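Remarks on the structure that follows.
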Amino acid sequence: MNRIAVMTSGGDCPGMNAAIRSVVRTGIANGLEVFGIEQGYKGLMENRIKLLESKDVANMIQRGGTFLKSARSLEFKTDEGQQMAVGNLEANGIEGLVVIGGDGSLTGARILHEKFGIKVVGLPGSIDNDIYGTSISIGVDTALNTICRAVDMINETASSHDRTFLIEVMGRNCGYLALMSAIASGAEAVIIPEVKYNIESIINKIKVRYVEGKSRSVVIVAEGAGSAYDIGKAFQLIGGFDTRITVLGHLQRGGAPSVFDRTLATRLGSAAVKGLIEGRTGVMAGLGNREISFTPLSEVLTKKRDLDETMLKIAEELSL
Ligand code: F6P
């Protein structure tokens, strides 16, 4: 193997630059030429592929976002788009590909592997932590730290005004960010898509606490469980609380990666390149029990991460 390429795809996350840097430098250290594909599958179809040198990734490990840029591509879902992408890989003599991204991006990697025989290793990059085959994805730790900083600040103004805040965090189908940030910020309740919730019983619990003297409340809502605005209306109407809503939105996807994300991305990037050299393909590198493991993409994309019931219980027991 002489030439490999790396790309970031789908929603970005902190640590993507650290992963690209690791792929580039590990590749060069092992005698490979490493190409960067801009804007994920979109750039691959448009042949936006450039040779990366070691200096191109200097000063990159600490930067949020992805300097290769990212995109969600509908065209790559078509046979025509896929043929264009494969044609460009072949025209550039690229023999191995590292795809960094979430479910959609890894689905693209699986297609390239299964349908076209391209050698590909995926890396889990998504703040949602919804990817099977790794205990944690690149970007999650930074996003959690960002959320907790925001919740701590909101807690202060909530206390000053005796208010109830509903804070909506990202997580389309997965309540991981909401659950972990609720625990880490001492929120009064958490609402996640994996668990059926009853607004009235949450309101009643909070009311009891108000009667006992608690002056403010924070409820973390995962976006996949419903809109914080809609839930907030019920809090105001049924509970009669002085309620405010904060949707944290895309600020959760930005920022300098935490030390954990920098080192995770670095380890995974290195493992992906070494995996390709050893002949691994159609797999995702992830973090197992302290060790890097490889899981077939077919498994990654058909199995679901279980909700951590222990953490859910802890959140319930400690919150009210
Ligand atoms: O999948 C990651 C994620 O950040 C989700 O939590 C969120 O719903 C989605 O991406 C937002 O995507 P976009 O940036 O395309 O609006």
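The values are calculated or read from the model by the stated rules, or taken from the named source; none is laboratory data. Since the structure is predicted, the reported quantities are computational estimates derived from the model, not experimental observations. Because the Cβ atoms are built from the backbone with ideal geometry, glycine has one as well, and the counts that use them run over all protein chains shown.
Listing for the model above:
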| item | result |
| --- | --- |
| Whichever residue in segment 128-141 is outside any helix (DSSP H, G or I) and in contact with a Phe, Trp or Tyr (Cβ under 9 Å, 6 or more places away or on another chain) and, among such residues, is nearest to the ligand (Cβ to nearest atom) | 128 |
| Subset tally (residues that are surrounded by fewer than 24 Cβ atoms within 10 Å (Cβ to Cβ), within 19 Å of residue 104 (Cα to Cα) and small (Gly, Ala, Ser)) for segment 7-42 | 2 |
| Segment 173-194, subset more than 17 Å from the chain's Cα centre (by Cα) and assigned to a helix (DSSP H, G or I), residue surrounded by the most Cβ atoms within 10 Å (Cβ to Cβ) | 182 |
| When residues of segment 162-172 are limited to those that are surrounded by 14 or more Cβ atoms within 10 Å (Cβ to Cβ) and either assigned by TED's automatic domain parsing to the domain that holds residue 13 or more than 11 Å from the ligand (Cβ to nearest atom) (or both), the one nearest to residue 134 (Cα to Cα) | 167 |
| Qualifying residue in segment 108-117 (condition: basic (Lys, Arg), modelled with pLDDT of 95 or more and part of a helix (DSSP H, G or I)) | yes |
| Candidates 186, 171 - the one that is touching a residue at least 60 places away in the same chain (Cβ under 8 Å) and on the phi > 0 side of the Ramachandran plot | 186 |
| Residues of segment 211-225 classified as surrounded by 16 or more Cβ atoms within 10 Å (Cβ to Cβ) and out of contact with any Asp or Glu (no Cβ under 7 Å at 6 or more places or on another chain), total | 4 |
| Every residue from segment 209-228 that is in contact (Cβ under 8 Å) with a residue 60 or more places away in the chain and more than 16 Å from the ligand (Cβ to nearest atom) | 209, 216, 218 |
| Check on residue 185, closer than 30 Å to residue 16 by Cβ, more than 16 Å from the ligand (Cβ to nearest atom) and of a type in the set (S, T, N, Q) | yes |
| Yes/no for residue 68 being part of a loop (DSSP other than H, G, I, E, B), away from the ligand (no atom under 16 Å from the Cβ) and either in contact (Cβ under 8 Å) with a residue 24 or more places away in the chain or among the basic types (Lys, Arg) (or both) | yes |
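Yes/no per residue for (1) of a type in the set (A, V, I, L, M, F, W, C); (2) at pLDDT 95 or above; (3) not assigned by TED's automatic domain parsing to the domain that holds residue 18:
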| site | (1), (2), (3) |
| --- | --- |
| 160 | no, yes, yes |
| 178 | yes, yes, yes |
| 186 | no, yes, yes |
| 191 | yes, yes, yes |
| 203 | yes, yes, yes |
| 207 | no, no, yes |
| 220 | yes, yes, yes |
| 229 | no, yes, yes |
| 250 | no, yes, yes |
